[in-house]
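Engineer: Before I ask anything, here is the structure I am working with.
The values are calculated or read from the model by the stated rules, or taken from the named source; none is laboratory data. Note that the coordinates shown come from a computational prediction; the quantities given were computed from them, not determined experimentally. Note: ideal-geometry Cβ built from the backbone for every residue, glycine included; neighbour counts use all protein chains shown.
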Amino acid sequence: MQAAATIPSHLSISANAARLELENLERFGTYTRLHYEGRSYTNAEELQHAGRLAHVLRERRVVPGDRVVVLMANSPDLTACFQAILTIGAVMSPVMPQWTAAEVGHILQNSGASVVLTEPALAARVREAARGVDTLKHCLVFGETDLEGMQNIAPQMAECATVEAPVNRSPEDLAMLLYTSGTTAKPKGVMITHGNVAAAVNSASQRNPDMPRHPMLHVLPLTHSFGLMMLKLANAWGCASVLVPQFDPVRIFEIVERHQVGYLPVVPTMLVYLLQHPERTKFNLSSLYRVTIGGAALPEKLRSEFQKVFPCRVEQGYGLSESVAIASGYDDHEAYRPGSAGRPLPGIEVHIVDEWNRPLPPCRAGEICLMGANITPGYWQDASATHEAFRGGWFHTGDIGYLDDDGYLHITDRKKDLIVKGGENISPREIEETIYLHPAVAEAAVVGIPDEVFGEEICAVIQLRPGTQLSDEDIRCHVAQHLTKFKMPHRVVFQAALPKNSTGKIQKRAIRELFAKSEAA
């Protein structure tokens with residue numbers, strides 16, 4: 001661990017995203033940068049591994065602009081994919097390893113991918129997804145497989161030459177296609193350019209110019225924009241990274257202690273599991289320095305509880321796939337404001353508008369709009385969605401929030417998550433925050449359900465802490481102590497676990513669908 005050193009105050013980030021890893025080597029020299037499953041790799045070794053993969057792809061005639069889909073869990077092979085694809089000027093489309101064959105098939109078809117890269121455990125799913133995709137020429141696997149049409153590239157990579165010099169790319173050239181999970185339709189491809197990546201890294205670095213170079217633990221999928229961005233930042237800052245293929249609390253505790261991890265990017269659900277795990281007291285977790293939350297709103301009670309138990313700073317930031325996962329955040333020495341996702345990062349403008357697209361004054365909630373060099377130019381082959389998202393020249397996020405008098409951003413809701421009861425807009429987030437105040441509640445989600453009288457009624461779905469019991473009336477009485485009767489949940493459902501996506505974010509759409517099926521039955 002390089003605790004004494006600090007991140008350079010003024011980074012000069014190349015507009016060619018492939019050069020970021022070369023700049024890491026130039027800036028910090030050779031150092032042990034990656035730890036995975038008991039093995040360690042230097043930054044130079046990582047570049048060589050990526051260079052060999054770039055050679056493999058070039059031999060299969062992958063050219064600049066070609067789309068390459070990657071379906072893999074966190075591993076050194078996955079990090080090599082990022083660099084190799086960018087090095088030859090192609091476009092990477094990372095996909096969550098939990099996605100189904102049908103979902104992967106949509107991405108292969110929509111992106112017009114010519115190559116897909118995967119691992120042996122996922123090869124069968126890729127093979128199924130690839131059926132009927134005319135553009136697909138190669139299905140490449142990092143390891144042994146006897147499935148027809150799937151090529152094991154491990155032997156070739158063990159002996160082939162490396163490609164070192166990246167293809168020249170301009171800031172406007174496409175670097176990645178990030179497919180959003182979507183709420184009502186199939187995932188859309190978010191176009192991310194080389195300039196977008198460089199601007200995002202620059203913005204985050206300018207907000208955090210002098211942080212200690214502690215190791216960073218990556219428990220989030222690197223195929224998600226938040227996980228991907230944190231890896232890019234770790235490399236830009238000269239930090240060592242520890243990868244894990246999946247989230248496991250005890251494994252996290254072990255790694256934090258062994259590698260003296262300082263930085264931990266997570267989603268709120270992971271905090272719940274870490275906080276409640278009975279074995280956490282067995283480990284020395286004093287190295288934890290900064291825990292950054294993204295992907296979902298951070299309940300203040302959860303943040304304060306975690307910060308009391310673990311000796312570290314806990315904060316939330318804000319960003320989307322369309323902004324390369326960054327928009328607002330805190331610097332390393334800035335006092336945290338409960339409920340706030342920090343200030344807009346350098347080079348990013350935040351604009352709050354009403355339903356008629358008129359700007360709103362401080363402390364008035366409206367739709368959050370963004371502008372900056374990190375913002376996507378639009379959605380892949382979807383002019384209609386692009387036009388809708390960029391009304392008035394600003395990117396409309398679909399999130400609801402406000403800027404306070406000092407310019408700190410507060411997220412209150414998703415635009416589509418608002419419950420309209422009797423013609424009045426009700427914030428699920430407000431009710432959820434109240435429910436989280438109850439000591440027996442582990443997790444909660446509030447959704448709107450159809451109602452003949454009010455149009456929509458309020459339903460709270462709750463996961464209790466182990467060994468506790470509550471009734472519907474207990475929850476209603478608790479909420480009534482903090483909110484008006486109009487915001488009290490009409491229905492309370494207790495579940496052993498709430499449905500979540502692969503990044504640990506509670507899936508409200510899945511909850512609504514369950515209620516819809518129940519009503520239909």
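Engineer: Out of Pro215, Pro155, Pro166, Pro209, I need the residue that is in the same structural domain as Val115 (by TED's automatic domain parsing) and in contact with a Ser or Thr (Cβ under 8 Å, 6 or more places away or on another chain). Which one?
Structural biologist: Criteria check complete, one pass: Pro166.
Engineer: Please tell me if Arg125 is in contact with a helix residue (DSSP H, G or I) (Cβ under 6 Å, 6 or more places away or on another chain) and surrounded by fewer than 22 Cβ atoms within 10 Å (Cβ to Cβ).
Structural biologist: Considered against the rule, which asks whether it is in contact with a helix residue (DSSP H, G or I) (Cβ under 6 Å, 6 or more places away or on another chain) and surrounded by fewer than 22 Cβ atoms within 10 Å (Cβ to Cβ), Arg125 comes out as yes.
Engineer: Moving to a separate point now. Does the stretch 291-302 contain at least one residue that is within 13 Å of Phe253 (Cβ to Cβ), touching a residue at least 12 places away in the same chain (Cβ under 8 Å) and surrounded by fewer than 21 Cβ atoms within 10 Å (Cβ to Cβ)?
Structural biologist: Within the stretch 291-302, none of the residues are within 13 Å of Phe253 (Cβ to Cβ), touching a residue at least 12 places away in the same chain (Cβ under 8 Å) and surrounded by fewer than 21 Cβ atoms within 10 Å (Cβ to Cβ).
Engineer: How about the stretch 198-237: which of its residues are assigned to a loop (DSSP other than H, G, I, E, B) and either modelled with pLDDT of 95 or more or crowded, with 22+ Cβ neighbours inside 10 Å (or both)?
Structural biologist: Correct list: His214, Pro215, Val219, Leu220, Pro221, Leu222, Thr223, His224, Trp237.
Engineer: Considering only the stretch 473-507, how many residues are in contact with a Pro (Cβ under 8 Å, 6 or more places away or on another chain) and farther than 30 Å from Ala325 by Cβ?
Structural biologist: Looking only at that region, the number is 3.
Engineer: Can you tell me how many residues within the stretch 423-462 are in a strand (DSSP E or B) and touching a Ser or Thr at 6+ places or on another chain (Cβ under 8 Å)?
Structural biologist: Adding up the residues that qualify gives 1.
Engineer: Restricting attention to the stretch 326-335, and to residues there that are at pLDDT 95 or above and in a loop (DSSP other than H, G, I, E, B), which single residue is farthest from the chain's Cα centre (by Cα)?
Structural biologist: Filtering first and then ranking leaves Tyr330.
Engineer: Name the single residue that is nearest to Gly339 (Cα to Cα) among those in the stretch 280-312 being outside any helix (DSSP H, G or I), over 19 Å from the mean Cα position of the chain (by Cα) and at pLDDT below 95.
Structural biologist: Result: Cys312.
Engineer: Now for a separate question. Just to verify a result, which residue in the stretch 366-391, among those that are in contact (Cβ under 8 Å) with a residue 12 or more places away in the chain and among the aliphatic types (A, V, I, L, M), is surrounded by the most Cβ atoms within 10 Å (Cβ to Cβ)?
Structural biologist: Among them, the one singled out is Ile368.
Engineer: Can you pull out the residues in the stretch 371-410 that are touching a Gly at 6+ places or on another chain (Cβ under 9 Å) and either of a type in the set (Val, Ile, Thr) or more than 19 Å from Ala175 (Cβ to Cβ) (or both)?
Structural biologist: Met371, Ala385, Thr386, His387, Ala389, Phe390, Ile400, Gly401, Tyr402, Tyr408, Leu409, His410
Engineer: Could you check Thr434 against (1) closer than 30 Å to Pro466 by Cβ; (2) of a type in the set (S, T, N, Q); (3) at pLDDT 95 or above and say which number it fails?
Structural biologist: (3)
Engineer: May I ask you to verify whether Pro76 is surrounded by fewer than 23 Cβ atoms within 10 Å (Cβ to Cβ) and over 22 Å from the mean Cα position of the chain (by Cα)?
Structural biologist: For Pro76, the condition - surrounded by fewer than 23 Cβ atoms within 10 Å (Cβ to Cβ) and over 22 Å from the mean Cα position of the chain (by Cα) - is not met.
Engineer: Within the bounds of the stretch 73-92, is there any residue that is among the aliphatic types (A, V, I, L, M), in the same structural domain as Leu140 (by TED's automatic domain parsing), within 19 Å of Val219 (Cα to Cα) and not in a helix (DSSP H, G or I)?
Structural biologist: yes
Engineer: Only one of Ala113, Ala44, Ala54 is in contact with a Ser or Thr (Cβ under 9 Å, 6 or more places away or on another chain), without any contact (Cβ under 8 Å) to a residue 24 or more places away in the chain and small (Gly, Ala, Ser). Can you tell me which?
Structural biologist: On inspection, the qualifying residue turns out to be Ala44.
Engineer: Another question, then. So which residues in the stretch 384-421 are touching a helix residue (DSSP H, G or I) at 6+ places or on another chain (Cβ under 8 Å), closer than 17 Å to Leu360 by Cβ and acidic (Asp, Glu), if there are any at all?
Structural biologist: Selection gives Asp399, Asp413.
Engineer: Still on this structure, please answer the following. Of the conditions (1) outside any loop (DSSP other than H, G, I, E, B); (2) modelled with pLDDT of 95 or more, Tyr273 clears all except one; give me its number.
Structural biologist: Result: Tyr273 passes all but (2).
Engineer: Given the residues Leu117, Leu140, Leu108, which is the only one that is at pLDDT 95 or above, part of a helix (DSSP H, G or I) and either in the same structural domain as Arg60 (by TED's automatic domain parsing) or surrounded by fewer than 16 Cβ atoms within 10 Å (Cβ to Cβ) (or both)?
Structural biologist: Leu108
Engineer: Could you list, in sequence order, all residues of the stretch 488-521 that are at pLDDT below 90 and more than 20 Å from Leu298 (Cα to Cα)?
Structural biologist: Across the stretch 488-521, the qualifying residues are Ala510, Arg512, Glu513, Leu514, Phe515, Ala516, Lys517, Ser518, Glu519, Ala520, Ala521.
Engineer: Does Gln156 fit the bill of being assigned to a strand (DSSP E or B), polar (S, T, N, Q) and closer than 22 Å to Leu53 by Cβ?
Structural biologist: Spelling it out, it is not the case that Gln156 is assigned to a strand (DSSP E or B), polar (S, T, N, Q) and closer than 22 Å to Leu53 by Cβ.
Engineer: Among the residues of the stretch 120-142, write down those that are of a type in the set (Gly, Ala, Ser), in contact (Cβ under 8 Å) with a residue 24 or more places away in the chain and touching a Leu at 6+ places or on another chain (Cβ under 7 Å).
Structural biologist: Within the stretch 120-142, Ala123, Ala129, Ala130 meet the criteria.
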